[in-house]
Each structure stands twice: as C-alpha cells, then as structure tokens.
Amino acid sequence: MSDNSFLQTLIKNPEKIADLGFDKLREIINEAKSIFKEEKLLLELNIEENQEAYIIGDIHGNLNSLKRILNIIKKENPQFILFLGDIVDRGQFQLECLLIVLALKILYPNRYYLLRGNHETVEMNKSYGFYTIFNQKYARSDRFSIIRDLYKTIPISAILNDFALCLHGGIPENFEFLTEIRELQLKEVKKNIPDSIKEGIYQIMWNDPKQGLTGFTGSFRGPGIKFYGQDVFEDFMEQNDLLYLVRSHECFPEGYRWFFKGKLLSIFSSKNYRGESMPNPASIAIINDNTVRGKNIF
Ligand SMILES: [Mn+2]
C-alpha cells in the first residue's frame, strides 16, 4: 500500500512526479489496477438527491486545466467525479496528469472514477507522445508493459441513475453491447475477450456523432471507426432505456456542444487544446438525479 500522505503530496505538488522512481511508480499503478479490477466494464452509479456528478472530458496532459478542475471540485464538492479518458498524449505533463487521476482513485475509490479513452492504448501512445516520454524517463521500453496492463483494467462506460450513459467516444453498432457487458468484470474478460466485445469496446472509445447523418458510416479516423447519426442514436438510447449520452473525444471552439435534440452532450476539458491561437474553453458535464447540463468552466 502506498501511504496516503505521499499520494496527497503528489496531487498537491505534481512537479514531484518528475523525480518519481520506477519502483514507486509501479507501486501506485499496481494499487490503482487492483481497484479497477474489481469494477465492471459498465459502471453503474447512483447520484443522491441534491447531489451532483462532475463529468470530465479529455485532459491530454494539460496539467493546468486539471489543477483548475480539481480546485473547482474542492469548492463545489460533487458526490462523484468521472473522467472520460484521454488523460495522456499530446500535452506537456502527461505522466503528471495520469498519476494525479490514479492517486485520486486510490485515495477515494468510491468518489473518483476513470473510463478508458482511445488514448489509453499503447498504439496511440506510440504515435502521440506518452510512450516516448515514459521511455525517456524510465529508460527501458519493456517497462511500458505496466501501463499496457493498467489500460486493460480500466472500465469503458458508466450509467448514472439509470438515465445517463457516459463514455469516451460514442455508441457502438451492436445495440446489445451494453447488455452483453453489463455483468462482466474486466478481470474476467482480460485474457480472452470475444471479438464481438472487442469491437464494441473499440467503437465506444472511437466513434463520433454526426449531425444530418442517417445510420452509421465509416470515419476518417480509421478502419472500424464509425460516425453515428441521430436515427441510430435515438434507437440505441430507446432500446437501452437511456435518456442522455455524455461523451468527449472532440474539441469544439465554443466548449461543450449539444447534438441530437439535446440528448447528446459532448465535452472537452483541456483548455486551449490547439494553442492560444485556436482557443477553446474547458468544459464539463454536471449531472444530478434527473438532468444533464454542460458548462464551460474557464
Ligand atoms: Mn479521444
């Protein structure tokens, strides 16, 4: 067990993460993993009356945004905090952001939750920065396997109060998917994930909504990735008895964006993700026991 005061110190002074040795890093990751392993692929959380859940979108190594979000959380004190993934790659402080989220999970496992984004994958890390940063710091590339194993334990979706589905990218083409994974724990499917579930997980992490589209079509993002239109979105939600979808994965200049008659909310929590010349506010979703709202927080 990591001692709690050490994790608290990391959260308060993330610059200390630069000096973190591999053994200590591995200890933190293993502890987070053992918590994730007991969670299901599909989390089900219940927000109490007069309480809120804060849903946080892509961070991508933006430590400044993450720190400001944590300050707001401290002040507003929501019941749950759910990160929709893409904590690493691209930004300046990727390891710091990942370790802060893991430390919060270890310290408050029933309050902080993390879902897996398309950047919680080794393939993306090899192209977008995290793999290089990690190997520069820890010298040996075989050590990255602790990160790969961590990713495999992270849940991919959450349903809040039976009406709001939260995930990184979008709905999968398989409408039975949520039913199929509902009772599965990641540790059960880790070794031999059936292809049908692999495809569903992939699409949940990657798919994007598209206004004006009917059905599913292929995406410029790559093979196996889909755009989904309003008709299939509404069918999916009805079949699964859900009202709202909250997702991240796309950065919009205005901050949060509603799709599909106010039933799909897209958020993104890294401010000025493309630099100050193409600004965007950091946005989150706030869910209470019966509504979903978007908010540009800074
Ligand atoms: Mn993404």
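The values are calculated or read from the model by the stated rules, or taken from the named source; none is laboratory data. Please read these numbers as outputs of a predicted model, since none were measured by experiment. We place every Cβ from the backbone using ideal geometry, glycine too, and count neighbours over all the protein chains shown. With ligands, DNA and RNA removed, areas are computed over all heavy atoms of the protein, side chains included. Shrake-Rupley method; radii C 1.70, N 1.55, O 1.52, S 1.80 Å.
Share of the chain's accessible area from carbon and sulfur, percent, 1.4 Å? Numbers along the way, then the final one.
Working: 5860 of 12890 Å².
Summing carbon and sulfur atoms, their accessible area is 46 percent of the total for the chain.
Taking Cα atoms only, the orientation of helix 94-107 departs from the longest principal axis of the chain by about 80 degrees.
For the pair the stretch 219-286 / the stretch 128-192, the C-alpha centres are spaced 19 Å from each other. Taken along the Cα-to-beta-carbon direction at a fixed 7 Å, the label points for N71 and R274 span 2.7 nm. Can you check what the net charge comes to around L63, using other residues whose Cβ is under 12 Å from the Cβ of L63 (Lys, Arg +1; Asp, Glu -1)? Residues near L63 contribute +1 overall.
Given 0.36 nm per residue, what is the gain on full extension from N13 to R221 after removing their alpha carbon distance, in nm? Could the numbers behind the result be given before it?
Numbers: separation 208, 0.36 × 208 = 74.88 nm, distance 3.64 nm.
Once the chain is fully extended between N13 and R221, it gains 71.2 nm.
Taking packing as the residue-averaged number of other Cβ atoms within 10 angstrom, the listed peptides 118-127, 246-255 run from highest to lowest as 246-255, 118-127. The residues of the chain expose on average 43 square angstrom of accessible surface per residue, using a 1.4 Å probe on protein heavy atoms. To test your reading of the geometry: what angle, between 0 and 90 degrees and rounded to tens, separates the Cα axis of helix 195-206 from the longest principal axis of the chain? Around 80 degrees separate the two axes. Here each label is just a point 7 Å from Cα along the line to Cβ, and for S196 and Q51 those points are 3.5 nm apart. Applying Stokes-Einstein at 25 °C and 0.890 mPa s to the Kirkwood radius of the stretch 187-298, computed over alpha-carbon pairs, gives a translational diffusion coefficient of 157 µm² s⁻¹.
Think of each Lys and Arg Cβ as +1 and each Asp and Glu Cβ as -1; about the Cα centre, that makes the dipole of the chain roughly 1080 debye. Kindly express, to the nearest 10 degrees and within the range 0 to 90, the angle between helix 230-239's C-alpha long axis and the longest C-alpha principal axis of the chain. The helix 230-239 is inclined about 80 degrees to the chain. For L107 and D235, the FRET efficiency from 1/(1 + (r/R0)^6), where r spans their Cβ atoms and R0 equals 35 Å, is about 0.30. Taking every protein chain into account, the 1.4 Å probe leaves L107 with about 30 Å² of accessible area, to the nearest ten. Solvent-accessible surface (1.4 Å probe) assigned to K263 amounts to roughly 70 Å². Go from 0 up to the bin containing the longest alpha carbon distance in the chain, width 10 Å each, and give me the % of pairs per bin. That works out to 6, 30, 38, 22, 4, 0, in percent per bin.
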